[in-house]
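Have a look at the structure below, then the notes.
The values are calculated or read from the model by the stated rules, or taken from the named source; none is laboratory data. Nothing here was measured: the structure is a model prediction, and the numbers come from that model. All Cβ positions, glycine included, derive from the backbone under ideal geometry; neighbour counts span all protein chains shown.
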Amino acid sequence: MTTNQKIVQVFLTARIKQLVAAVLSVMFGISMYVFMNSFMDGVNTFQSDITFSAMSHIKIYNELKGDPRAIITRNKADELVLVSNAKNIRYTEGIKNIDEIKKGLKDINEITGIAAQLNQNVFIRNGVSKINANLSGIETQEENNVFGTAENIVQGNLYDLDKRNNGIILGTGLAEIIGVSLNDNITIQTSDGVSKVFKVVGTIETGAASLDRSRALVNIDVARQLLNKNKSYATDLMIDVDEYKNATDIAKSIQPLTQYKVEPWQEGNAQMDSGELLRNIIAIATSLTILIVAGFGIYNIMTMTVNEKIKEIAILNAMGFNSKDIIEIFLLQSIFIGFLGGIAGLVFGNIISRIIDNTPFQLGLLDSLPMNYNPQDYALAFLFGLVITFIAGYLPALRASKLDPVDTLRG
Amino acid sequence: MKALQVQNTNKYFYTPTEFHVLKDISFEVDKGEFVAIMGKSGSGKSTLLYLLSTMDTSYNGNIVIDGTQITGQSKKNLARFRNEHIGFVFQFHYLLTDFTVLDNIMLPALKLNKKSKEEIEAEALELIDLLDIKGQEHKKASRISGGQQQRVAIARALINSPAIIMGDEPTGNLDSKNAENIFDLFRRFSKERGQTIIAVTHDDDFAANCDRIIELADGRIV
């Protein structure tokens with residue numbers, strides 16, 4: 001221990017109450033920072049989990065262009081061409097050959113999963129009740145890989161769809177509306193008039209009510225057969241990437257590989273993106289404010305300490321300690337307070353987070369407030385805490401080093 | 001080589017109004033000399049002492065201590081110089097009250113960092129013996145009597161064996177018995193160790209036994 005560190009130790013331990021107050025103020029700031037950010041992180045994760053339980057990060061589909069080509073073009077300047085009520089004609093439906101696209105996507109490393117879907121609006125009949133539903137033909141393995149579908153299955157088993165070609169899984173809301181339960185039979189009727197009887201092998205609940213009220217899942221091959229489509233036909237290719245925030249850039253790199261529309265999730269869900277950003281801003285603004293208030297606390301305490309120690313500073317100066325030593329002595333006190341408060345704050349913040357995490361709070365799908373335990377939040381909280389205590393301690397220390405010892409010693 | 005040379009030194013105070021405190025001061029002090037600075041209050045004797053102490057640097061003139069030019073040096077160098085060559089004893093003990101007696105005495109030597117902690121402690125204990133404050137070394141500096149505190153302050157001033165010991169009314173706050181003791185100590189240091197002693201004092205008895213008296217009146221040496 002250097003001489004200056006020894007002086008710091010004596011100064012700090014001589015005023016335990018003050019030390020505790022200063023450490024507590026830092027601890028409170030840091031723990032609130034940790035808690036706020038853990039909470040907001042949790043909310044963001046929860047939100048994106050719900051969103052991406054039915055939506056992929058990138059979707060490839062056959063887009064119906066809204067701008068019809070001009071049927072007749074004008075030849076001469078004095079001609080007038082008038083076509084009223086021009087119609088769009090869709091020449092192709094869906095994606096004819098998904099295998100080719102899948103092969104092309106193999107080289108893109110960011111992609112973590114690709115699931116083909118064949119989506120079609122159908123009628124579901126159960127006796128007299130008849131309801132519009134969205135039939136999804138899915139590749140079960142890949143679908144589970146992208147959406148974690150198996151986790152949302154309430155009854156039955158997702159992979160039963162592979163085992164029997166008349167198996168269907170219904171959204172819980174949908175099953176309730178048409179009044180069927182596990183192992184009941186229903187009839188699917190396509191817009192082309194084809195009918196087929198299916199057996200309910202499971203129910204699924206994602207938490208998004210509109211989805212649960214309209215969705216029916218079958219094996220993609222069964223759907224192709226029902227709709228009279230070829231072997232590698234699909235309407236949508238759902239793609240997951242390693243970092244969903246980068247979906248826009250990855251979508252741009254995929255677009256040249258296919259003539260179909262490649263759409264990142266952000267395009268249709270700007271509200272989610274901005275919602276997340278807003279929550280992060282609120283969290284950081286609130287917690288930084290708390291940290292800064294804690295910083296003022298330290299500034300006050302250190303200023304008081306310097307005022308109390310004017311005589312000691314002058315004595316040290318007379319004994320041959322220079323201004324660098326004085327700055328070091330007072331700055332080290334603040335850094336020690338920041339360090340101690342920082343560690344206590346991380347622990348206390350973690351405790352608050354765990355308490356809130358385990359407190360029952362019924363809200364929709366939630367049993368308690370969502371909470372993330374992200375090491376990055378903890379590291380940042382600690383770093384901010386140290387920076388703020390450093391600044392708050394440096395100013396009084398600088399003032400202490402500039403005090404004129406002669407003024408003090410002469411009384 | 002002289003212990004101290006002061007040449008044509010002037011000092012002004014600017015607040016509240018301009019005031020010429022020290023007027024053209026010049027004097028020299030030999031090594032081992034015991035000098036008292038006397039004068040009425042306001043005559044500038046303490047101001048002069050603080051110039052000599054190197055803590056006050058705003059003056060015109062030239063001061064040389066122990067062969068080293070003090071005037072014009074950086075604050076950092078001056079702090080180092082004070083640490084090594086000047087021992088200071090104040091009217092009030094001015095100890096670091098949160099520290100033990102032993103720590104107070106050791107601090108200047110620890111700061112100088114020329115000897116090991118063990119050597120410094122041994123020397124500090126020797127000084128404690130010499131100054132008759134044995135048994136108090138592990139008490140906090142605030143817990144001992146005024147006479148003892150002043151002796152601790154003297155021990156602190158001596159720990160680095162400085163060439164010059166300066167005192168600002170070192171006995172001004174003590175009863176006559178304690179004051180006499182401290183005077184005798186100073187006397188011994190100047191005789192036995194050849195240390196130069198410069199003390200500002202009001203005490204005529206104290207001054208009468210010094211080698212020389214420098215008397216100030218209205219900022220001039222009389």
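Among the residues of the range B:115-166, write down those that are free of Cβ contacts under 8 Å to residues at least 24 places away in the same chain and within 14 Å of chain A (Cβ to nearest Cβ).
Once the filter is applied, which keeps residues that are free of Cβ contacts under 8 Å to residues at least 24 places away in the same chain and within 14 Å of chain A (Cβ to nearest Cβ), the range B:115-166 yields B:Lys115, B:Ser116, B:Lys117, B:Glu121, B:Arg143.
Run down B:Gly44, B:Gly39 and say which single residue is under 18 Å from B:Ile198 (Cβ atoms) and either under 17 Å from the mean Cα position of the chain (by Cα) or of a type in the set (S, T, N, Q) (or both).
Result of the check over B:Gly44, B:Gly39: B:Gly44.
Taking B:Thr57 as meeting all but one of (1) within 11 Å of chain A (Cβ to nearest Cβ); (2) part of a helix (DSSP H, G or I), write down the number of the exception.
(2)
Return the residues of the range B:95-113 that are part of a loop (DSSP other than H, G, I, E, B), more than 7 Å from chain A (Cβ to nearest Cβ) and farther than 20 Å from A:Asn322 by Cβ; say none if nothing qualifies.
Correct list: B:Leu95, B:Thr97.
Residues of the range B:6-25 being without any contact (Cβ under 8 Å) to a residue 60 or more places away in the chain and out of contact with any helix residue (DSSP H, G or I) (no Cβ under 9 Å at 6 or more places or on another chain), which ones?
Matches in the range B:6-25: B:Gln7, B:Asn8, B:Asn10, B:Tyr12, B:Tyr14, B:Thr15, B:Pro16, B:Thr17, B:Glu18, B:Phe19.
When you look at B:Thr15, is it within 14 Å of chain A (Cβ to nearest Cβ), in a loop (DSSP other than H, G, I, E, B) and in contact with a Leu (Cβ under 7 Å, 6 or more places away or on another chain), yes or no?
no
Quick one: would you say A:Leu12 is out of contact with any strand residue (DSSP E or B) (no Cβ under 9 Å at 6 or more places or on another chain), in a helix (DSSP H, G or I), of a type outside the set (D, E, K, R) and within 14 Å of chain B (Cβ to nearest Cβ)?
It is true that A:Leu12 is out of contact with any strand residue (DSSP E or B) (no Cβ under 9 Å at 6 or more places or on another chain), in a helix (DSSP H, G or I), of a type outside the set (D, E, K, R) and within 14 Å of chain B (Cβ to nearest Cβ).
Need pairs with beta-carbon distance below 9 Å; first residue free of Cβ contacts under 8 Å to residues at least 24 places away in the same chain and more than 8 Å from chain B (Cβ to nearest Cβ) and within the range A:314-329, second in a loop (DSSP other than H, G, I, E, B) and of a type in the set (Gly, Ala, Ser); sequence gap 6+ or separate chains.
Matching pairs, first to second residue: none at all.
Scan the range A:27-67 residue by residue and report those that are within 22 Å of the chain's Cα centre (by Cα) and part of a loop (DSSP other than H, G, I, E, B).
Those that are within 22 Å of the chain's Cα centre (by Cα) and part of a loop (DSSP other than H, G, I, E, B): A:Phe52, A:Ser53, A:Ala54, A:Met55, A:Ser56, A:His57.
So which residues in the range A:140-192 are assigned to a helix (DSSP H, G or I), closer than 19 Å to A:Asn119 by Cβ, aliphatic (A, V, I, L, M) and touching a Leu at 6+ places or on another chain (Cβ under 7 Å)?
Within the range A:140-192, A:Leu161 is the sole residue that qualifies.
Please specify each residue of the range B:188-205 satisfying the condition of being surrounded by 22 or more Cβ atoms within 10 Å (Cβ to Cβ) and either of a type in the set (Val, Ile, Thr) or over 18 Å from B:Gly87 (Cβ atoms) (or both).
Of everything in the range B:188-205, those that are surrounded by 22 or more Cβ atoms within 10 Å (Cβ to Cβ) and either of a type in the set (Val, Ile, Thr) or over 18 Å from B:Gly87 (Cβ atoms) (or both) turn out to be B:Thr196, B:Ile197, B:Ile198, B:Val200, B:Thr201.
Just wondering, is there one or more residues in the range A:365-381 that are crowded, with 22+ Cβ neighbours inside 10 Å, in the same structural domain as A:Arg279 (by TED's automatic domain parsing) and either in contact with a strand residue (DSSP E or B) (Cβ under 9 Å, 6 or more places away or on another chain) or part of a helix (DSSP H, G or I) (or both)?
Yes, there is a match, as at least one residue in the range A:365-381 is crowded, with 22+ Cβ neighbours inside 10 Å, in the same structural domain as A:Arg279 (by TED's automatic domain parsing) and either in contact with a strand residue (DSSP E or B) (Cβ under 9 Å, 6 or more places away or on another chain) or part of a helix (DSSP H, G or I) (or both).
Just for the range B:162-215: of the residues that are among the hydroxyl-bearing types (Ser, Thr, Tyr) and touching a Gly at 6+ places or on another chain (Cβ under 9 Å), which one is modelled with the highest pLDDT?
B:Thr196
So if I check each of A:Ala251, A:Ala283, which one is closer than 18 Å to A:Ser48 by Cα, surrounded by 14 or more Cβ atoms within 10 Å (Cβ to Cβ) and among the small types (Gly, Ala, Ser)?
Only one candidate passes the filter, namely A:Ala283.
The rows are residues; the columns are (1) within 14 Å of chain B (Cβ to nearest Cβ); (2) out of contact with any helix residue (DSSP H, G or I) (no Cβ under 9 Å at 6 or more places or on another chain); (3) at pLDDT 85 or above.
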| residue | (1), (2), (3) |
| --- | --- |
| A:Leu369 | no, no, yes |
| A:Asn372 | no, no, yes |
| A:Pro375 | no, yes, yes |
| A:Leu380 | no, no, yes |
| A:Val387 | no, no, yes |
| A:Ile391 | no, no, yes |
| A:Pro396 | no, no, yes |
| A:Asp407 | yes, no, no |
| A:Gly411 | yes, yes, no |
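Residue by residue, here is whether (1) among the polar types (S, T, N, Q); (2) assigned to a helix (DSSP H, G or I); (3) in contact with a Lys or Arg (Cβ under 7 Å, 6 or more places away or on another chain); (4) free of Cβ contacts under 8 Å to residues at least 12 places away in the same chain holds:
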site	(1), (2), (3), (4)
A:Thr248	yes, yes, no, no
A:Ser253	yes, yes, no, no
A:Val262	no, no, no, no
A:Met272	no, yes, no, no
A:Arg279	no, yes, no, no
A:Asn300	yes, yes, no, yes
A:Thr305	yes, yes, no, no
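Can you report the number of residues in the range A:202-244 which are buried (at least 17 other Cβ atoms within 10 Å of the Cβ), among the hydroxyl-bearing types (Ser, Thr, Tyr) and either in contact with a Gly (Cβ under 9 Å, 6 or more places away or on another chain) or at pLDDT 90 or above (or both)?
Total satisfying the criteria: 5.
Going residue by residue through the range B:77-87, is there one that turns out to be surrounded by 21 or more Cβ atoms within 10 Å (Cβ to Cβ), assigned to a strand (DSSP E or B) and within 12 Å of chain A (Cβ to nearest Cβ)?
Yes: one or more hits.
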